[in-house]
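> Supplied in C-alpha coordinates, the structure appears directly below.
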Amino acid sequence: MLVLFETAAGYAIFKVLNEKKLQEVDSLWKEFETPEKEGKETASLVFCFSTASTALVEGKLSKNLKKILKKIVAKDAHEQLAVADAKLGGVIKDKLNLSCIHSPMVTELMRGIRSQIEGLITGLPSREMAAMCLGLAHSLSRYKLKFSPDKVDTMIVQAISLLDDLDKELNNYIMRCREWYGWHFPELGKIITDNLTYCKCVRKVGDRRNFASSDVSDILPEEIEEDVKAAAEISMGTEVSEEDINNIIHLCDQVIEISEYRTQLYDYLKNRMMAIAPNLTVMVGELVGARLIAHAGSLLNLAKHPASTVQILGAEKALFRALKTKRDTPKFGLIYHASLVGQTTAKNKGKISRMLAAKTALTIRYDALGEDTSAEMGAENRLKVETRLRHLEERGIRRISGTGKALARTDKYQNKR
(Lines give C-alpha, C1' and ligand atoms only; values in the text may rest on other atoms or scores of the structure.)
Protein backbone atom coordinates (compact mmCIF):
# COMPACT_ATOMS: atom_id res chain seq x y z
CA MET A 1 0.00 0.00 0.00
CA LEU A 2 1.15 3.52 -0.84
CA VAL A 3 0.36 6.51 1.37
CA LEU A 4 -0.03 10.03 -0.05
CA PHE A 5 0.91 12.33 2.82
CA GLU A 6 0.56 16.09 2.57
CA THR A 7 3.04 18.29 4.40
CA ALA A 8 3.75 22.02 4.47
CA ALA A 9 6.77 21.32 2.24
CA GLY A 10 4.67 19.49 -0.34
CA TYR A 11 3.60 15.88 -0.93
CA ALA A 12 5.39 12.76 0.36
CA ILE A 13 4.57 9.24 -0.82
CA PHE A 14 5.35 6.38 1.57
CA LYS A 15 5.15 2.66 1.03
CA VAL A 16 3.84 0.46 3.84
CA LEU A 17 5.98 -2.68 4.08
CA ASN A 18 3.88 -4.63 6.59
CA GLU A 19 0.18 -4.26 5.79
CA LYS A 20 -0.90 -6.81 8.40
CA LYS A 21 -0.26 -4.27 11.14
CA LEU A 22 -2.89 -1.97 9.60
CA GLN A 23 -5.69 -4.40 10.39
CA GLU A 24 -5.62 -3.51 14.10
CA VAL A 25 -6.61 0.17 13.97
CA ASP A 26 -6.81 0.69 17.74
CA SER A 27 -3.23 -0.46 18.36
CA LEU A 28 -1.74 1.11 15.25
CA TRP A 29 -0.39 4.08 17.21
CA LYS A 30 2.07 1.79 19.01
CA GLU A 31 3.92 1.22 15.73
CA PHE A 32 4.76 4.94 15.57
CA GLU A 33 6.18 5.41 19.05
CA THR A 34 9.65 5.65 17.44
CA PRO A 35 10.61 6.15 13.77
CA GLU A 36 12.44 2.79 13.67
CA LYS A 37 9.27 0.80 14.36
CA GLU A 38 7.69 1.70 11.02
CA GLY A 39 9.48 0.47 7.87
CA LYS A 40 9.26 3.15 5.23
CA GLU A 41 10.36 3.96 1.75
CA THR A 42 10.11 7.56 0.58
CA ALA A 43 9.19 7.49 -3.09
CA SER A 44 8.98 11.20 -3.79
CA LEU A 45 8.72 14.64 -2.17
CA VAL A 46 7.25 17.50 -4.19
CA PHE A 47 7.55 21.18 -3.17
CA CYS A 48 4.49 23.17 -4.21
CA PHE A 49 3.31 25.93 -1.89
CA SER A 50 0.72 27.53 -4.17
CA THR A 51 -1.12 24.30 -4.96
CA ALA A 52 -0.91 23.03 -1.39
CA SER A 53 -3.47 25.57 -0.13
CA THR A 54 -5.74 24.90 -3.12
CA ALA A 55 -5.56 21.15 -2.54
CA LEU A 56 -6.37 21.62 1.14
CA VAL A 57 -9.44 23.73 0.40
CA GLU A 58 -10.83 22.26 -2.82
CA GLY A 59 -9.09 18.89 -3.20
CA LYS A 60 -7.59 19.74 -6.60
CA LEU A 61 -4.95 17.66 -8.39
CA SER A 62 -1.87 19.79 -9.15
CA LYS A 63 0.40 19.28 -12.15
CA ASN A 64 3.41 18.26 -10.05
CA LEU A 65 1.40 15.69 -8.11
CA LYS A 66 -0.15 14.35 -11.30
CA LYS A 67 3.31 13.89 -12.86
CA ILE A 68 4.64 11.98 -9.83
CA LEU A 69 1.53 9.80 -9.57
CA LYS A 70 1.84 8.86 -13.25
CA LYS A 71 5.33 7.52 -12.54
CA ILE A 72 3.95 5.49 -9.63
CA VAL A 73 1.14 4.10 -11.78
CA ALA A 74 3.77 2.93 -14.30
CA LYS A 75 5.78 1.18 -11.54
CA ASP A 76 3.20 0.03 -8.96
CA ALA A 77 -0.15 0.08 -10.74
CA HIS A 78 -1.47 -2.76 -8.55
CA GLU A 79 -0.87 -0.84 -5.29
CA GLN A 80 -3.63 1.01 -3.45
CA LEU A 81 -3.14 4.68 -2.60
CA ALA A 82 -4.23 5.83 0.86
CA VAL A 83 -5.37 9.47 0.88
CA ALA A 84 -6.53 11.75 3.73
CA ASP A 85 -8.92 13.74 1.52
CA ALA A 86 -11.71 11.65 -0.02
CA LYS A 87 -12.42 14.36 -2.61
CA LEU A 88 -8.80 14.37 -3.79
CA GLY A 89 -8.89 10.56 -3.90
CA GLY A 90 -11.92 10.67 -6.18
CA VAL A 91 -10.14 13.06 -8.57
CA ILE A 92 -7.02 10.83 -8.66
CA LYS A 93 -9.15 7.75 -9.35
CA ASP A 94 -11.02 9.44 -12.21
CA LYS A 95 -7.99 10.96 -13.92
CA LEU A 96 -5.28 8.31 -13.32
CA ASN A 97 -7.37 5.17 -12.76
CA LEU A 98 -5.49 4.53 -9.51
CA SER A 99 -7.34 2.77 -6.68
CA CYS A 100 -7.65 5.13 -3.68
CA ILE A 101 -8.88 4.33 -0.18
CA HIS A 102 -10.04 6.58 2.64
CA SER A 103 -11.05 4.95 5.94
CA PRO A 104 -10.53 5.25 9.73
CA MET A 105 -7.45 3.05 9.31
CA VAL A 106 -6.00 5.59 6.84
CA THR A 107 -6.76 8.44 9.25
CA GLU A 108 -4.94 6.64 12.07
CA LEU A 109 -2.00 5.88 9.74
CA MET A 110 -1.78 9.56 8.74
CA ARG A 111 -1.80 10.56 12.41
CA GLY A 112 1.10 8.19 13.10
CA ILE A 113 3.14 9.46 10.14
CA ARG A 114 2.53 13.06 11.23
CA SER A 115 3.84 12.33 14.73
CA GLN A 116 7.12 10.96 13.31
CA ILE A 117 7.42 13.14 10.19
CA GLU A 118 10.86 14.50 11.12
CA GLY A 119 12.35 10.99 11.37
CA LEU A 120 10.59 9.66 8.27
CA ILE A 121 11.61 12.52 5.97
CA THR A 122 15.37 13.01 6.20
CA GLY A 123 17.14 16.22 5.31
CA LEU A 124 14.32 18.48 6.51
CA PRO A 125 15.19 20.18 9.85
CA SER A 126 12.39 21.00 12.27
CA ARG A 127 13.17 24.73 12.02
CA GLU A 128 12.65 24.73 8.26
CA MET A 129 9.48 22.67 8.63
CA ALA A 130 8.10 25.20 11.14
CA ALA A 131 8.84 28.06 8.71
CA MET A 132 7.09 26.14 5.92
CA CYS A 133 4.07 25.51 8.15
CA LEU A 134 3.86 29.24 8.85
CA GLY A 135 4.15 30.06 5.15
CA LEU A 136 1.43 27.54 4.28
CA ALA A 137 -0.83 28.96 6.99
CA HIS A 138 -0.44 32.47 5.56
CA SER A 139 -1.01 31.19 2.02
CA LEU A 140 -4.12 29.30 3.11
CA SER A 141 -5.49 32.33 4.94
CA ARG A 142 -4.95 34.54 1.88
CA TYR A 143 -6.59 31.93 -0.33
CA LYS A 144 -9.65 31.64 1.91
CA LEU A 145 -9.96 35.42 2.17
CA LYS A 146 -9.60 35.81 -1.59
CA PHE A 147 -12.04 33.09 -2.60
CA SER A 148 -14.37 33.14 0.38
CA PRO A 149 -18.02 32.94 -0.73
CA ASP A 150 -19.00 35.08 2.26
CA LYS A 151 -16.62 37.97 1.51
CA VAL A 152 -19.29 39.96 -0.33
CA ASP A 153 -21.57 39.75 2.71
CA THR A 154 -18.88 41.52 4.71
CA MET A 155 -19.48 44.66 2.65
CA ILE A 156 -23.19 44.61 3.56
CA VAL A 157 -22.45 44.02 7.25
CA GLN A 158 -19.98 46.91 7.35
CA ALA A 159 -22.26 49.22 5.32
CA ILE A 160 -25.33 48.73 7.52
CA SER A 161 -23.22 49.12 10.68
CA LEU A 162 -21.76 52.36 9.34
CA LEU A 163 -25.23 53.55 8.35
CA ASP A 164 -26.49 53.05 11.92
CA ASP A 165 -23.43 54.83 13.32
CA LEU A 166 -23.97 57.76 10.93
CA ASP A 167 -27.62 58.03 12.02
CA LYS A 168 -26.58 58.23 15.68
CA GLU A 169 -23.92 60.84 14.96
CA LEU A 170 -26.28 62.89 12.79
CA ASN A 171 -28.90 62.92 15.52
CA ASN A 172 -26.34 64.11 18.07
CA TYR A 173 -24.95 66.79 15.75
CA ILE A 174 -28.39 68.08 14.74
CA MET A 175 -29.59 68.25 18.36
CA ARG A 176 -26.44 70.16 19.29
CA CYS A 177 -26.88 72.52 16.32
CA ARG A 178 -30.53 73.26 17.13
CA GLU A 179 -29.76 73.83 20.80
CA TRP A 180 -26.71 76.00 20.04
CA TYR A 181 -28.36 78.21 17.42
CA GLY A 182 -31.59 78.18 19.46
CA TRP A 183 -30.02 80.56 21.95
CA HIS A 184 -29.67 83.09 19.15
CA PHE A 185 -32.86 82.39 17.15
CA PRO A 186 -35.19 80.02 19.06
CA GLU A 187 -38.22 80.62 16.80
CA LEU A 188 -36.48 79.11 13.75
CA GLY A 189 -36.59 75.58 15.21
CA LYS A 190 -40.40 75.67 15.44
CA ILE A 191 -40.88 77.06 11.92
CA ILE A 192 -38.44 74.70 10.12
CA THR A 193 -38.99 71.08 11.21
CA ASP A 194 -36.72 69.38 8.67
CA ASN A 195 -33.22 69.00 10.13
CA LEU A 196 -31.24 69.22 6.89
CA THR A 197 -33.18 72.28 5.72
CA TYR A 198 -32.57 73.90 9.13
CA CYS A 199 -28.79 73.40 8.85
CA LYS A 200 -28.70 74.66 5.24
CA CYS A 201 -30.63 77.75 6.22
CA VAL A 202 -28.36 78.50 9.20
CA ARG A 203 -25.23 77.95 7.09
CA LYS A 204 -26.42 80.34 4.38
CA VAL A 205 -27.68 83.16 6.60
CA GLY A 206 -25.67 82.97 9.83
CA ASP A 207 -26.78 85.85 12.08
CA ARG A 208 -30.58 86.24 12.37
CA ARG A 209 -30.30 89.92 11.39
CA ASN A 210 -29.19 88.79 7.91
CA PHE A 211 -32.52 87.05 7.23
CA ALA A 212 -34.18 90.32 6.15
CA SER A 213 -31.64 90.87 3.36
CA SER A 214 -30.98 87.19 2.46
CA ASP A 215 -32.72 85.19 -0.24
CA VAL A 216 -33.41 81.61 0.94
CA SER A 217 -36.03 80.79 -1.69
CA ASP A 218 -33.84 77.95 -3.01
CA ILE A 219 -34.00 76.30 0.45
CA LEU A 220 -37.42 77.27 1.84
CA PRO A 221 -40.89 77.65 0.29
CA GLU A 222 -42.20 81.20 -0.06
CA GLU A 223 -44.68 81.01 2.84
CA ILE A 224 -42.12 79.62 5.31
CA GLU A 225 -39.52 82.16 4.15
CA GLU A 226 -41.89 85.01 5.03
CA ASP A 227 -42.60 83.48 8.45
CA VAL A 228 -38.87 83.13 9.14
CA LYS A 229 -38.15 86.75 8.18
CA ALA A 230 -41.03 88.01 10.33
CA ALA A 231 -39.86 85.93 13.31
CA ALA A 232 -36.26 87.15 12.90
CA GLU A 233 -37.33 90.77 13.40
CA ILE A 234 -39.08 90.11 16.72
CA SER A 235 -36.92 87.24 17.99
CA MET A 236 -36.37 86.81 21.72
CA GLY A 237 -32.91 85.22 21.24
CA THR A 238 -29.69 86.52 22.73
CA GLU A 239 -26.94 88.25 20.79
CA VAL A 240 -23.89 86.12 19.89
CA SER A 241 -20.48 87.01 18.55
CA GLU A 242 -19.23 86.40 15.02
CA GLU A 243 -16.89 83.67 16.30
CA ASP A 244 -19.86 81.80 17.77
CA ILE A 245 -21.73 82.02 14.46
CA ASN A 246 -18.68 80.71 12.58
CA ASN A 247 -18.49 77.65 14.85
CA ILE A 248 -22.21 76.98 14.41
CA ILE A 249 -21.82 77.27 10.60
CA HIS A 250 -18.90 74.84 10.73
CA LEU A 251 -21.11 72.36 12.62
CA CYS A 252 -23.81 72.82 9.97
CA ASP A 253 -21.23 72.01 7.27
CA GLN A 254 -20.42 68.77 9.09
CA VAL A 255 -24.11 67.82 9.29
CA ILE A 256 -24.67 68.50 5.58
CA GLU A 257 -21.56 66.53 4.56
CA ILE A 258 -22.51 63.53 6.70
CA SER A 259 -26.09 63.66 5.36
CA GLU A 260 -24.84 63.62 1.76
CA TYR A 261 -22.48 60.73 2.53
CA ARG A 262 -25.31 58.85 4.24
CA THR A 263 -27.46 59.20 1.11
CA GLN A 264 -24.58 57.88 -1.00
CA LEU A 265 -23.99 54.98 1.41
CA TYR A 266 -27.69 54.07 1.38
CA ASP A 267 -27.67 53.91 -2.44
CA TYR A 268 -24.56 51.72 -2.30
CA LEU A 269 -26.23 49.39 0.24
CA LYS A 270 -29.38 49.23 -1.86
CA ASN A 271 -27.44 48.21 -4.99
CA ARG A 272 -25.38 45.67 -3.01
CA MET A 273 -28.48 44.06 -1.52
CA MET A 274 -30.19 43.83 -4.91
CA ALA A 275 -27.07 42.16 -6.34
CA ILE A 276 -26.47 39.67 -3.50
CA ALA A 277 -29.93 39.00 -2.02
CA PRO A 278 -32.57 40.32 -4.46
CA ASN A 279 -35.41 38.11 -3.18
CA LEU A 280 -34.75 39.00 0.46
CA THR A 281 -34.67 42.69 -0.50
CA VAL A 282 -38.05 42.44 -2.26
CA MET A 283 -39.59 40.65 0.74
CA VAL A 284 -38.49 42.85 3.66
CA GLY A 285 -36.59 45.79 2.15
CA GLU A 286 -32.88 46.49 1.92
CA LEU A 287 -32.45 47.90 5.45
CA VAL A 288 -34.19 45.04 7.28
CA GLY A 289 -32.52 42.48 5.00
CA ALA A 290 -29.08 43.97 5.64
CA ARG A 291 -29.69 44.03 9.40
CA LEU A 292 -30.73 40.36 9.33
CA ILE A 293 -27.53 39.46 7.45
CA ALA A 294 -25.43 41.54 9.84
CA HIS A 295 -27.07 39.94 12.89
CA ALA A 296 -26.45 36.42 11.57
CA GLY A 297 -22.90 37.23 10.41
CA SER A 298 -23.34 36.28 6.75
CA LEU A 299 -26.02 35.32 4.23
CA LEU A 300 -25.01 31.65 4.48
CA ASN A 301 -25.34 31.68 8.27
CA LEU A 302 -28.73 33.35 7.93
CA ALA A 303 -29.83 30.65 5.46
CA LYS A 304 -29.13 28.00 8.13
CA HIS A 305 -31.66 29.55 10.53
CA PRO A 306 -35.23 28.20 10.54
CA ALA A 307 -38.17 30.54 9.98
CA SER A 308 -38.96 30.65 13.71
CA THR A 309 -35.46 32.00 14.42
CA VAL A 310 -35.66 34.54 11.57
CA GLN A 311 -38.95 35.79 13.05
CA ILE A 312 -37.45 36.69 16.46
CA LEU A 313 -33.90 37.48 15.30
CA GLY A 314 -32.86 40.62 17.15
CA ALA A 315 -35.18 40.05 20.14
CA GLU A 316 -32.97 37.55 21.99
CA LYS A 317 -33.03 39.50 25.27
CA ALA A 318 -36.83 39.61 25.30
CA LEU A 319 -37.00 35.90 24.41
CA PHE A 320 -34.72 34.75 27.23
CA ARG A 321 -36.38 37.11 29.69
CA ALA A 322 -39.78 35.66 28.72
CA LEU A 323 -38.51 32.09 29.09
CA LYS A 324 -36.98 32.91 32.47
CA THR A 325 -40.12 34.59 33.83
CA LYS A 326 -42.48 32.12 32.07
CA ARG A 327 -44.29 34.84 30.15
CA ASP A 328 -45.29 35.14 26.49
CA THR A 329 -42.34 35.03 24.09
CA PRO A 330 -41.87 37.88 21.56
CA LYS A 331 -43.60 37.54 18.20
CA PHE A 332 -41.08 39.52 16.14
CA GLY A 333 -37.58 40.97 16.19
CA LEU A 334 -35.88 42.87 13.38
CA ILE A 335 -38.62 41.74 10.98
CA TYR A 336 -41.03 44.09 12.82
CA HIS A 337 -39.58 47.01 10.81
CA ALA A 338 -40.59 45.42 7.47
CA SER A 339 -43.27 47.36 5.60
CA LEU A 340 -45.67 44.39 5.50
CA VAL A 341 -45.69 44.08 9.30
CA GLY A 342 -45.90 47.85 9.77
CA GLN A 343 -49.00 48.32 7.60
CA THR A 344 -51.12 45.70 9.39
CA THR A 345 -53.18 46.19 12.55
CA ALA A 346 -51.79 45.37 15.99
CA LYS A 347 -54.08 42.33 16.24
CA ASN A 348 -52.66 40.68 13.11
CA LYS A 349 -48.99 41.64 13.47
CA GLY A 350 -48.08 38.28 15.01
CA LYS A 351 -49.73 36.26 12.24
CA ILE A 352 -48.25 38.36 9.46
CA SER A 353 -44.77 38.33 11.01
CA ARG A 354 -44.92 34.52 11.27
CA MET A 355 -45.95 34.11 7.64
CA LEU A 356 -43.46 36.75 6.49
CA ALA A 357 -40.65 34.98 8.39
CA ALA A 358 -41.55 31.66 6.72
CA LYS A 359 -41.47 33.18 3.24
CA THR A 360 -38.35 35.21 4.07
CA ALA A 361 -36.51 32.04 5.16
CA LEU A 362 -37.28 30.51 1.76
CA THR A 363 -36.02 33.56 -0.13
CA ILE A 364 -32.83 33.69 1.99
CA ARG A 365 -31.99 30.08 1.12
CA TYR A 366 -32.77 30.73 -2.52
CA ASP A 367 -30.43 33.74 -2.56
CA ALA A 368 -27.65 32.01 -0.61
CA LEU A 369 -27.68 28.60 -2.29
CA GLY A 370 -29.41 29.15 -5.63
CA GLU A 371 -27.75 30.16 -8.89
CA ASP A 372 -30.57 32.34 -10.22
CA THR A 373 -30.16 36.08 -9.57
CA SER A 374 -33.72 37.19 -10.41
CA ALA A 375 -36.18 38.49 -7.80
CA GLU A 376 -39.23 36.65 -9.14
CA MET A 377 -39.49 34.26 -6.20
CA GLY A 378 -39.39 37.15 -3.72
CA ALA A 379 -42.11 39.02 -5.64
CA GLU A 380 -44.35 35.92 -5.69
CA ASN A 381 -43.94 35.29 -1.97
CA ARG A 382 -44.55 38.96 -1.16
CA LEU A 383 -47.77 38.81 -3.18
CA LYS A 384 -48.89 35.77 -1.15
CA VAL A 385 -48.22 37.59 2.13
CA GLU A 386 -50.10 40.69 0.88
CA THR A 387 -53.05 38.48 -0.14
CA ARG A 388 -53.07 36.89 3.30
CA LEU A 389 -52.90 40.35 4.89
CA ARG A 390 -55.91 41.57 2.90
CA HIS A 391 -57.82 38.41 3.82
CA LEU A 392 -57.17 38.96 7.53
CA GLU A 393 -58.16 42.63 7.32
CA GLU A 394 -61.37 41.85 5.40
CA ARG A 395 -62.30 39.11 7.86
CA GLY A 396 -61.91 41.58 10.70
CA ILE A 397 -64.23 44.09 8.96
CA ARG A 398 -66.77 41.38 8.25
CA ARG A 399 -66.87 40.36 11.91
CA ILE A 400 -67.50 43.95 12.94
CA SER A 401 -70.41 44.36 10.49
CA GLY A 402 -72.11 41.09 11.40
CA THR A 403 -71.60 37.69 12.96
CA GLY A 404 -70.78 34.59 10.94
CA LYS A 405 -74.19 33.03 11.70
CA ALA A 406 -76.06 36.04 10.35
CA LEU A 407 -74.03 35.93 7.14
CA ALA A 408 -74.72 32.21 6.78
CA ARG A 409 -78.49 32.77 7.18
CA THR A 410 -78.45 35.46 4.50
CA ASP A 411 -76.66 33.17 2.04
CA LYS A 412 -79.09 30.35 2.77
CA TYR A 413 -82.11 32.61 2.21
CA GLN A 414 -80.73 33.85 -1.11
CA ASN A 415 -80.08 30.29 -2.31
CA LYS A 416 -83.67 29.26 -1.54
CA ARG A 417 -85.07 32.10 -3.65
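The values are calculated or read from the model by the stated rules, or taken from the named source; none is laboratory data. Computed from a predicted model, the values in this text were never measured in an experiment. Virtual Cβ from ideal backbone geometry, glycine too; neighbours counted across all protein chains shown. When the accessible area is computed, the model is the full protein with side chains, heavy atoms only, and any ligands, DNA or RNA have been set aside. Shrake-Rupley method; radii C 1.70, N 1.55, O 1.52, S 1.80 Å.
> State all residues of region 380-403 that are at pLDDT below 60 and open to solvent by 50 Å² or more (accessible area, probe 1.4 Å); if no residue qualifies, say none.
R398, R399, I400, S401, T403 - these are the residues of region 380-403 that are at pLDDT below 60 and open to solvent by 50 Å² or more (accessible area, probe 1.4 Å).
> Do the conditions hold for E257, that is, is it under 45 Å from the mean Cα position of the chain (by Cα), among the charged types (D, E, K, R), surrounded by 10 or more Cβ atoms within 10 Å (Cβ to Cβ) and part of a helix (DSSP H, G or I)?
Considered against the rule, which asks whether it is under 45 Å from the mean Cα position of the chain (by Cα), among the charged types (D, E, K, R), surrounded by 10 or more Cβ atoms within 10 Å (Cβ to Cβ) and part of a helix (DSSP H, G or I), E257 comes out as yes.
> Moving on. When S217 is evaluated against the numbered criteria (1) assigned to a helix (DSSP H, G or I); (2) more than 40 Å from the chain's Cα centre (by Cα), which criterion, by number, is the only one it fails?
Every condition holds for S217 apart from (1).
> Moving on to the next point. Which one is modelled with the lowest pLDDT among residues in region 266-299 that are under 13 Å from the mean Cα position of the chain (by Cα) and open to solvent by 60 Å² or more (accessible area, probe 1.4 Å)?
Taking the candidates together, the pick is R272.
> Here is a check on your reading of the model: is E128 outside any helix (DSSP H, G or I) and farther than 30 Å from D244 by Cα?
no
> Might you check whether a residue that is acidic (D, E) and in contact (Cβ under 8 Å) with a residue 40 or more places away in the chain occurs anywhere in region 267-282?
no
> Select from region 220-249 the residues that are part of a helix (DSSP H, G or I) and among the small types (G, A, S) and write down the one among them that is surrounded by the most Cβ atoms within 10 Å (Cβ to Cβ).
For region 220-249, the residue satisfying everything is A232.
> Check S115 against each of (1) out of contact with any strand residue (DSSP E or B) (no Cβ under 9 Å at 6 or more places or on another chain); (2) open to solvent by less than 60 Å² (accessible area, probe 1.4 Å); (3) more than 17 Å from I13 (Cβ to Cβ) and name the one condition it does not meet.
(2)
> Mind listing whichever residues of region 308-345 are open to solvent by less than 60 Å² (accessible area, probe 1.4 Å) and in contact with a Ser or Thr (Cβ under 7 Å, 6 or more places away or on another chain)?
Within region 308-345, V310, Q311, L319, A322, F332, I335, V341 meet the criteria.
> Quick check, is G59 within 37 Å of the chain's Cα centre (by Cα), modelled with pLDDT under 75 and open to solvent by less than 50 Å² (accessible area, probe 1.4 Å)?
Considered against the rule, which asks whether it is within 37 Å of the chain's Cα centre (by Cα), modelled with pLDDT under 75 and open to solvent by less than 50 Å² (accessible area, probe 1.4 Å), G59 comes out as yes.
> Would you pick out the residues in region 73-91 that are closer than 16 Å to V16 by Cβ and surrounded by 17 or more Cβ atoms within 10 Å (Cβ to Cβ)?
The answer is L81, A82, V83, A84.
> Of these, R176, R203, R209, which one is modelled with pLDDT of 90 or more and surrounded by fewer than 17 Cβ atoms within 10 Å (Cβ to Cβ)?
Residue meeting the stated conditions: R176.
> Next question, about the same structure. Which of the residues spanning region 92-106 are open to solvent by 40 Å² or more (accessible area, probe 1.4 Å) and either of a type in the set (A, V, I, L, M) or outside any helix (DSSP H, G or I) (or both)?
N97, S99, H102
> Can you tell me how many residues within region 336-386 are touching a Leu at 6+ places or on another chain (Cβ under 6 Å) and within 18 Å of H305 (Cα to Cα)?
The number of residues fulfilling the criteria is 5.
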